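Below you'll find the structure, written out as structure tokens, and then a few comments.
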């Protein structure tokens, strides 16, 4: 094919090629299949603007997958779900006004912002964030945002009973193999386990709450050959986390089992859960319940940062890549008995 060569400054015959290239994205090395042209006259290579954009987007996509980041289209749809303008959304989240526009245009969200965006996908979480941050909004925005959020929340309440079945079909359709500890996922058991931990500890920060069922299920697998709930756990940034934990915690809030409050620490926000309806312990066998109580006793006085640091030393966490499934085979190396 013929095209303009910037080296020859002339129309020349060129050949498109692809080769492996390592690029840096936020200080992280990413290998991509880089596209470029080679001029058949001067034998020098160059890239068109379209090729450069494709190469950058390819690297960004790999980075998004590695870090479980939302796509620009996901962020736009989330904002439009509530009927917010970009300005209103940014103000509600206490972010600079241009940031939403930048994220929707392709800029990679940082990890903290990505966590907040995933958190507010649940309408009840968005409602709680609004109640926390509304004092920082002007009155016109308060009324507009309140109407938008509560319209979605009221519609969402009708769906909570169905959401449990949807979650199981969509995310937990496992056959009870190695990923789920030789047991099919039991949503009721998992919900009641979470409720037990929150009830026994009075209130629990989300970082800590994510670790407790991991230890309960992996310890039970270590001792008895199967997990309690069949939950799948991922290697998160702050330690092991249950799969789709935000969706399930939001479901529990929607069902009135527990609630949460958001507190601010500098530029970050943390969520703390407290119980509203006590757990149904009848779903567990005596041995299962004793194991859950053992974990409660072990970690009751750990802070969120202490249990996070503790979990980072587990072999299963250290040998699993970020956001991949932690295999229950690692239960045998669990640090507690």
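For the range 91-127, filtering for residues that are within 19 Å of the chain's Cα centre (by Cα), part of a helix (DSSP H, G or I) and under 23 Å from residue 25 (Cα atoms) leaves 11. Residue selection: residue 88 fails the criterion of being touching a residue at least 24 places away in the same chain (Cβ under 8 Å), in a helix (DSSP H, G or I) and touching a strand residue (DSSP E or B) at 6+ places or on another chain (Cβ under 7 Å). Out of the range 31-53, which residues are closer than 24 Å to residue 65 by Cβ, outside any strand (DSSP E or B) and in contact with a strand residue (DSSP E or B) (Cβ under 6 Å, 6 or more places away or on another chain)? Residues satisfying the conditions are 47, 51.
Scoring residue 18 on the criteria (1) more than 22 Å from residue 65 (Cβ to Cβ); (2) assigned to a strand (DSSP E or B) leaves a single failure, condition (1).
Report yes if some residue within the range 44-64 is touching a helix residue (DSSP H, G or I) at 6+ places or on another chain (Cβ under 6 Å) and surrounded by 15 or more Cβ atoms within 10 Å (Cβ to Cβ); otherwise report no.
no
Checked against (1) under 22 Å from the mean Cα position of the chain (by Cα); (2) closer than 18 Å to residue 255 by Cβ, residue 196 meets all criteria but (1).
Going through 329, 313, 271 one at a time, which residue ends up being part of a loop (DSSP other than H, G, I, E, B), under 21 Å from residue 235 (Cβ atoms) and assigned by TED's automatic domain parsing to the domain that holds residue 218? I'd like the intermediate steps shown before the answer.
On the way: 329 fails: part of a loop (DSSP other than H, G, I, E, B); 271 fails: part of a loop (DSSP other than H, G, I, E, B).
Within the list 329, 313, 271, the selection yields 313.
Of note, residue 309 satisfies the criterion of being farther than 19 Å from residue 242 by Cβ and surrounded by 12 or more Cβ atoms within 10 Å (Cβ to Cβ). Within the range 319-334, residues that are without any contact (Cβ under 8 Å) to a residue 24 or more places away in the chain reach partners that are part of a helix (DSSP H, G or I) with beta carbons closer than 8 Å, at six or more positions or on different chains, in the pairs 319/330; 333/315; 333/316. Number of residues in the range 268-280 that are surrounded by 14 or more Cβ atoms within 10 Å (Cβ to Cβ), over 30 Å from residue 110 (Cβ atoms) and touching a helix residue (DSSP H, G or I) at 6+ places or on another chain (Cβ under 7 Å) equals 3.
Being closer than 28 Å to residue 133 by Cα, assigned by TED's automatic domain parsing to the domain that holds residue 200 and at pLDDT 95 or above is the requirement here; does residue 241 meet it?
On the way: closer than 28 Å to residue 133 by Cα: yes; assigned by TED's automatic domain parsing to the domain that holds residue 200: yes; at pLDDT 95 or above: yes.
When the stated conditions are applied, residue 241 passes them.
Which condition does residue 178 not pass, out of (1) at pLDDT below 80; (2) farther than 28 Å from residue 255 by Cα; (3) assigned by TED's automatic domain parsing to the domain that holds residue 242, if it passes all the others? Among (1) at pLDDT below 80; (2) farther than 28 Å from residue 255 by Cα; (3) assigned by TED's automatic domain parsing to the domain that holds residue 242, residue 178 violates only (1). Test residue 54 against the criterion of being on the phi > 0 side of the Ramachandran plot and in the same structural domain as residue 25 (by TED's automatic domain parsing), and give yes or no. Considered against the rule, which asks whether it is on the phi > 0 side of the Ramachandran plot and in the same structural domain as residue 25 (by TED's automatic domain parsing), residue 54 comes out as no.
Looking at the range 278-288, which of its residues are in a helix (DSSP H, G or I) and touching a residue at least 12 places away in the same chain (Cβ under 8 Å)?
281, 283, 287, 288
Across the range 219-239, the qualifying residues are those that are over 20 Å from the mean Cα position of the chain (by Cα) and over 20 Å from residue 173 (Cα atoms), and the one among them that is surrounded by the most Cβ atoms within 10 Å (Cβ to Cβ) is 220.
The values are calculated or read from the model by the stated rules, or taken from the named source; none is laboratory data. Source: prediction; values computed, not measured. A quick note on method: Cβ atoms are made from the backbone with ideal geometry, for glycine too, and the neighbour counts reach across all protein chains shown.
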